[in-house]
Amino acid sequence: MTVGDFAGNADRIRRAVDAARQAGAKLVVTPEMALCGYPAEDLWLRDDFCDQCTAELVKLAPYCTDVAVVVGYPHREGRTRYNAAAVLRNGRIERVYFKQKLPNYRVFDEKRYFETGNQACVFEVEGRKVGLTICEDLWFPEPAAQAKAAGAELLLSINASPFNRAQQAERYTRMGARVKETRLPLLYVHGTGGQDELVFDGASFALDGEGLVTYQAETFREAVDIVELTGATVSGPMAKPLTEEEIIYRALMTGVGDYVNKNRFPGVLLGLSGGIDSALVLAICVDALGPERVHAVMMPSDYTASMSVEDSREMAKIHGVQYTEIAIKPIFDAFRAQLAPGFEGRAEDTTEENLQSRIRGTLLMAMSNKFGSIVVTTGNKSEMATGYCTLYGDMAGGYAVIKDIVKTLVYRLSNWRNTKGRVIPARAIERAPSAELRPDQTDQDSLPPYEVLDAVVERYMERDMSPEQIAGVGYDMAAVKQVVRLIQLNEYKRRQAPPGVRITPRGFGKDWRYPITSGFRPKT
């Protein structure tokens, strides 16, 4: 589903209704806010947005005659709005349910937009009573108990639950608790796709009255699955389990693919350095969009190793993408010559290093302007956390594919991708990572080892642990202090970074809201 594309979203629902009719199904269930897309953010505050969506719902109702269809949408009554779901049947809107539990944490701001409902919604399909709920409702006992008290024989939950790598396990736990409390089978229906930095993983499932999984949809694959309620069991197809690496890789493909396609970009441009980060981003973009929509640009300097150029050429050839080389030495020399009078008497430092990165960013943005493709950046979460990146340089672009992937996970994903067909040269994985902005430079000249850095970032940034707590589980306090200090100092950079796919419980985006100006320093 695409936010605001009411007609397009309604057409997808009609196709699902057609598939249901062909299979003889009597109930079609769509995800939370399926008709308007999720999250619509402050568009939900606009009367015209909500009214156009409701008008599309009214147009959809006559298509739903012999099949009952549950459709999520924003319901407006004057200035009051509800996160709602309508039951369409016999050509009309038969029932409407208002979500009772509104999440207001991490990436959620539902209390900014909606009022809470307080009534159960139980409707009948083929003699069986279905209790309708929306997402967060079943994270708490009350709505499920209320539905059972109203006669429900099946708990139905429609969802728009943003993916993170720990989310599915938590869904099983929470939904299992509701089944245990009510002894009712449960059907959890979830959408898939990308919306800016959020991705939705699908992976709908069912639990029987004993809490066993009896249906499991594919992860990050859109489908219309047929499930059957028999007694206290909802049965359906069972997708094979995936490794964490494959699930995350699919998340990244979904995020970049939907961002590019929904915003109608013809393709992507990226700076290919010969290093592991850009190599992984290249593979993801090709897998998501196809090689014909990917343009890799290698921009060597005097500090670029010959193996970096060789590996870039090899990767471009393996993938079959358009490939361009632009040497930046003449531009770099011209900039230094123009700056020399003002810099007289001062030694070269990170200023000149960053200048190279900014030249590359300018070249990529010029190509983007000329050809219309969006520049995707190649920086990872470890770099974003510590500010090991250059404003208006390697941060320049429209989408940050691996913004929420720490460096150690970059290695894991690269090795996994190579098991599906070698696309990343071994030495790009094995060599010491380097920005190649000065002679013999490596990342570890400036940063702790990535195994330590990434562990500190996770604990401080994702879990809100203090430096003392982090050091208390075995990490060197000096390294902890260094990483925490860098995280604090570089908020101004992150605030200017492009959006990117969120795959952790907390990314540098919607759910990271720290001030740039702050005198707070954690105790160490």
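Within the accessible area of the chain, what % is carbon and sulfur when the probe is 1.4 Å and the other protein chains stay in place?
Carbon and sulfur together cover 51 percent of it.
Leaving out ligands and nucleic acids, and using a 1.4 Å probe, what accessible area per residue does region 1-129 come to in Å²?
44 Å²
What net charge do the residues around Phe163 carry, taking every other residue with its C-beta under 10 Å from that of Phe163, with Lys and Arg at +1 and Asp and Glu at -1?
Once positives and negatives cancel, what remains is +2.
For region 158-165, what does the Karplus curve 6.51 cos²θ - 1.76 cosθ + 1.60, with θ = phi - 60°, yield as ³J(HN,Hα) per residue in whole Hz, taken in order and with x for Gly and Pro?
My calculation for region 158-165 gives 9, 9, 10, 10, x, 5, 9, 5 Hz in order.
Given that compact globular proteins tend to follow 2.2 N^0.38 Å, what is the ratio of the alpha-carbon Rg of region 110-206 to that value?
This ratio for region 110-206 stands at 1.10.
Mind giving me the nanometre distance, one decimal, between the label points for Arg112 and Ser306, set 7 Å out from Cα along Cα→Cβ?
A separation of 5.4 nm, rounded to one decimal place.
I'd like the Karplus ³J(HN,Hα) series for region 299-313: coefficients 6.51, -1.76, 1.60, θ = phi - 60°, whole numbers in Hz, and an x wherever there's a Gly or Pro.
10, x, 10, 5, 9, 7, 5, 4, 5, 5, 5, 4, 5, 5, 4
In the chain, what % of DSSP beta bridges are antiparallel (nearest 5)?
Looking only at bridges with both residues in the chain, the antiparallel portion is about 55 percent.
Can you compute the FRET efficiency between Glu210 and Lys420 using 1/(1 + (r/R0)^6), with r the Cβ-Cβ distance and R0 = 45 Å? Round to the nearest 0.05.
0.75
Let's test the formula: R0 of 51 Å, r as the Cβ-Cβ distance of Arg46 and Glu468. What FRET efficiency results, to the nearest 0.05?
0.65
Provide the per-residue ³J(HN,Hα) series for region 66-78, in order, calculated from phi with Karplus coefficients 6.51, -1.76, 1.60 and θ = phi - 60°, each as a whole number of Hz, with x at glycine and proline positions.
7, 10, 7, 10, 9, 10, x, 6, x, 9, 10, 10, x
Scan around Thr214 for amide H atoms under 5 Å from its own, H built in the peptide plane at 1.01 Å from N, and keep only partners 5 or more places away or cross-chain.
The list, which skips near neighbours in sequence, is Ala206, Leu207, Asp208.
At a Förster radius of 41 Å, what calculated FRET efficiency corresponds to the Cβ-Cβ distance of Tyr411 and Gln338, to the nearest 0.05?
Rounded to the nearest 0.05, the efficiency is 0.55.
So who's got an amide H within less than 5 Å of the one on Gln322, skipping anything under 5 residues away but keeping other chains? H placed 1.01 Å off N, in plane.
The answer is Val294, Ala296.
Please return the longest range in the chain lying between exposed loop sites, taking chymotrypsin sites (Phe, Trp or Tyr not before Pro), DSSP loop only, at most 14 other beta-carbon atoms within 10 Å, and leaving the sites out.
106-391
Taking amide H positions as placed in the peptide plane 1.01 Å from N, state which residues far from Val375 in sequence (5 or more) or on other chains have amide H under 5 Å from it.
The list, which skips near neighbours in sequence, is Leu269, Gly398.
Return the Cα extents of region 300-439 along principal axes one, two and three, sorted largest first, each rounded to a whole Å.
54, 33, 29
As a quick test, which of the pairs Lys240/Lys317; Lys26/Lys240; Lys240/Lys403; Lys370/Lys493; Lys26/Lys59; Lys407/Lys493 have an alpha carbon distance above 22 angstrom in this structure?
Check vs 22 Å cut-off fails for Lys240/Lys317; Lys26/Lys240; Lys240/Lys403; Lys370/Lys493.
The values are calculated or read from the model by the stated rules, or taken from the named source; none is laboratory data. These numbers were taken from a predicted model, which means no experiment stands behind them. Note that each Cβ is placed from the backbone with ideal geometry, even for glycine, and that neighbours are counted across all protein chains shown. Heavy atoms of the whole protein, side chains included, go into the accessibility calculation; ligands, DNA and RNA do not. Shrake-Rupley method; radii C 1.70, N 1.55, O 1.52, S 1.80 Å.
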